[in-house]
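Undergrad: What follows is a structure written as structure tokens; I'll ask about it next.
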């Protein structure tokens, strides 16, 4: 499995290198410390399984550079690992299609979980960041059944469809049906948008 680590701090890249080796002992790593090298590596290696991207490194022009990366290498999922925890920036990152947003302050265990979740096709948002996205609650929760609320809560905790199905003793098809209903009720089109909006509406308990 091949990963691209894009961060201008060598010490942090070293930490990620050891973490990814724990996930896959035969991991292949490409490292870069600026935007141009990251873009070139992504274009030259479309088989990369995951790009772990720092938003603040030389040559980066904010989320515009992230969008440029996604356009140039659309098959590579991006997990952003940043010290920036601004709710508006996080919202915009998911709007353009990143698969995860992970604070650099998170533990190694949480980072491993987030990386594995994104590799499995899921979306990761730190529960702490979800709480920061909260706004004024409205009546949306009254249109979600208790079962749908439970699916939403487990999704926010990072569980994928198969894990939710196993934990709730449901079929994967039933979980997908619940997710479809949740998306329609929240007026969103994907898991990341659903979690962000649920956080803003106060639908997730503070313990998540």
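The values are calculated or read from the model by the stated rules, or taken from the named source; none is laboratory data. This is a predicted model, so every value here is computed, not measured. Because the Cβ atoms are built from the backbone with ideal geometry, glycine has one as well, and the counts that use them run over all protein chains shown.
Undergrad: Would you mind telling me which numbered condition in (1) assigned by TED's automatic domain parsing to the domain that holds residue 38; (2) assigned to a helix (DSSP H, G or I); (3) at pLDDT 85 or above residue 76 fails?
TA: (2)
Undergrad: Please tell me if residue 111 is modelled with pLDDT under 90 and on the phi < 0 side of the Ramachandran plot. Walk me through it before giving the result.
TA: Numbers: modelled with pLDDT under 90: yes; on the phi < 0 side of the Ramachandran plot: yes.
Spelling it out, residue 111 is indeed modelled with pLDDT under 90 and on the phi < 0 side of the Ramachandran plot.
Undergrad: Being farther than 23 Å from residue 189 by Cβ and surrounded by fewer than 13 Cβ atoms within 10 Å (Cβ to Cβ): is that true of residue 61 here? Give the derivation first.
TA: Values: farther than 23 Å from residue 189 by Cβ: yes; surrounded by fewer than 13 Cβ atoms within 10 Å (Cβ to Cβ): yes.
Judged against the criteria, residue 61 is a match.
Undergrad: Give the residue, chosen from 117, 102, that is at pLDDT below 95, closer than 18 Å to residue 195 by Cβ and not in a helix (DSSP H, G or I).
TA: On the way: 117 fails: not in a helix (DSSP H, G or I).
Criteria check complete, one pass: 102.
Undergrad: Regarding residue 155, is this residue over 11 Å from the mean Cα position of the chain (by Cα), closer than 28 Å to residue 20 by Cβ and either at pLDDT 85 or above or part of a loop (DSSP other than H, G, I, E, B) (or both)? Spell out how you get there, then give the answer.
TA: Values: over 11 Å from the mean Cα position of the chain (by Cα): yes; closer than 28 Å to residue 20 by Cβ: yes; either at pLDDT 85 or above or part of a loop (DSSP other than H, G, I, E, B) (or both): yes.
In short, yes.
Undergrad: Looking for whichever is surrounded by 19 or more Cβ atoms within 10 Å (Cβ to Cβ) and farther than 20 Å from residue 160 by Cβ here; the options are 115, 78, 90. Which one fits? Before the answer, list the steps.
TA: Working: 115 fails: farther than 20 Å from residue 160 by Cβ; 78 fails: farther than 20 Å from residue 160 by Cβ.
Answer to the selection: 90.
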